[in-house]
Amino acid sequence: MTATVRSVWLALLVFGPMLVEARLAARNESAQRSRGGVEPAGDVYGWMRVAYPAVFLCMIAEGFARGDGARWLAVGLTSFALAKALKWWAIASLGRRWTFRVIVVPGDTRVTSGPYRVARHPNYLAVIGELLGVALTTDARVSGPLGILLFGALVLRRVTVEDRALDAILRAS
């Protein structure tokens, strides 16, 4: 398989589901806001919205430029698939609460079913797993680690904002 064909297929594999997720997130965001949902201050959504697809694009471009085939193709694709499965399990467990933005609805309780029984933020673990999977698939030795570190820093900030917002809503209930 040529680097061009591999890059096109990988871009479809990454960005196709991302578009589906964006539509679902927008629909859920609207539903959450209609239920009185509020977005806390200090979120890094604007940065994440740019960084998430950009990191994937950089890794795919690096893999294309390298052109020698990914040594870790099977491991990377398996990691990506497992991360996607975890993400969709988290999405299914959250239902209409799942959005790209942090939106909390007064009176809601913390979700403790599905992957939330064992991990506090399984969706973010899945996102890092997706990035790792693509880094391995493309053999992105530069943009992979840098992108994961950059996006990981945004995720850490996001988790802080989300936990603070959830704790405030739960205390008020």
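The values are calculated or read from the model by the stated rules, or taken from the named source; none is laboratory data. From a predicted model like this one, the values you see are computed outputs, not experimental measurements. A quick note on method: Cβ atoms are made from the backbone with ideal geometry, for glycine too, and the neighbour counts reach across all protein chains shown.
Please specify each residue of the range 70-85 satisfying the condition of being outside any helix (DSSP H, G or I) and closer than 22 Å to TYR52 by Cβ.
Taking the range 70-85 as the starting set, the residues that turn out to be outside any helix (DSSP H, G or I) are 70-72.
Correct list: ALA70, TRP72.
Output the residues belonging to the range 1-47 that are β-branched (Val, Ile, Thr) and within 23 Å of LYS84 (Cβ to Cβ). Step through it out loud before you land on a result.
Initially, the range 1-47 is screened for residues β-branched (Val, Ile, Thr), giving 2, 4-5, 8, 14, 20, 38, 44.
Of everything in the range 1-47, those that are β-branched (Val, Ile, Thr) and within 23 Å of LYS84 (Cβ to Cβ) turn out to be VAL5, VAL8, VAL14, VAL20, VAL44.
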The one condition in (1) of a type in the set (Gly, Ala, Ser); (2) more than 30 Å from ALA61 (Cα to Cα); (3) buried (at least 18 other Cβ atoms within 10 Å of the Cβ); (4) free of Cβ contacts under 8 Å to residues at least 60 places away in the same chain that ALA165 fails to fulfil: (4)
Just one of the numbered conditions (1) modelled with pLDDT of 95 or more; (2) in a helix (DSSP H, G or I); (3) of a type outside the set (Ser, Thr, Tyr) is not true of LEU170; which one? (1)
Qualifying residues in the range 110-135 (those that are touching a helix residue (DSSP H, G or I) at 6+ places or on another chain (Cβ under 7 Å) and not in a helix (DSSP H, G or I)) - the one farthest from LEU150 (Cα to Cα): SER113
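How about the range 86-109: which of its residues are among the β-branched types (Val, Ile, Thr) and either part of a loop (DSSP other than H, G, I, E, B) or under 15 Å from the mean Cα position of the chain (by Cα) (or both)?
Going through the range 86-109, the residues among the β-branched types (Val, Ile, Thr) turn out to be 91, 99, 102-105, 109.
Across the range 86-109, the qualifying residues are ILE91, THR99, VAL102, ILE103, VAL105, THR109.
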For the range 51-61, indicate whether the set of residues that are small (Gly, Ala, Ser), modelled with pLDDT of 95 or more and within 17 Å of GLU21 (Cα to Cα) is non-empty. yes
Checking VAL104 against (1) within 30 Å of MET1 (Cβ to Cβ); (2) in contact with a helix residue (DSSP H, G or I) (Cβ under 6 Å, 6 or more places away or on another chain); (3) of a type in the set (A, V, I, L, M); (4) buried (at least 18 other Cβ atoms within 10 Å of the Cβ), which single condition isn't satisfied? (1)
Residues in the range 54-68: is at least one touching a residue at least 60 places away in the same chain (Cβ under 8 Å), part of a helix (DSSP H, G or I), surrounded by 14 or more Cβ atoms within 10 Å (Cβ to Cβ) and among the aromatic types (Phe, Trp, Tyr)? yes
Could you tell me how many of the residues in the range 88-97 are touching a residue at least 60 places away in the same chain (Cβ under 8 Å) and either surrounded by 20 or more Cβ atoms within 10 Å (Cβ to Cβ) or closer than 14 Å to PRO17 by Cβ (or both)? 1
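Take LEU149 and decide whether it is without any contact (Cβ under 8 Å) to a residue 40 or more places away in the chain, exposed (fewer than 13 other Cβ atoms within 10 Å of the Cβ) and either hydrophobic (A, V, I, L, M, F, W, C) or within 22 Å of PHE80 (Cα to Cα) (or both). Explain how you work it out, then say what you get.
On the way: without any contact (Cβ under 8 Å) to a residue 40 or more places away in the chain: yes; exposed (fewer than 13 other Cβ atoms within 10 Å of the Cβ): yes; either hydrophobic (A, V, I, L, M, F, W, C) or within 22 Å of PHE80 (Cα to Cα) (or both): yes.
When the stated conditions are applied, LEU149 passes them.
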Taking the condition of being under 24 Å from ALA74 (Cβ atoms), hydrophobic (A, V, I, L, M, F, W, C) and touching a Gly at 6+ places or on another chain (Cβ under 7 Å), how many residues in the range 104-157 meet it? 6
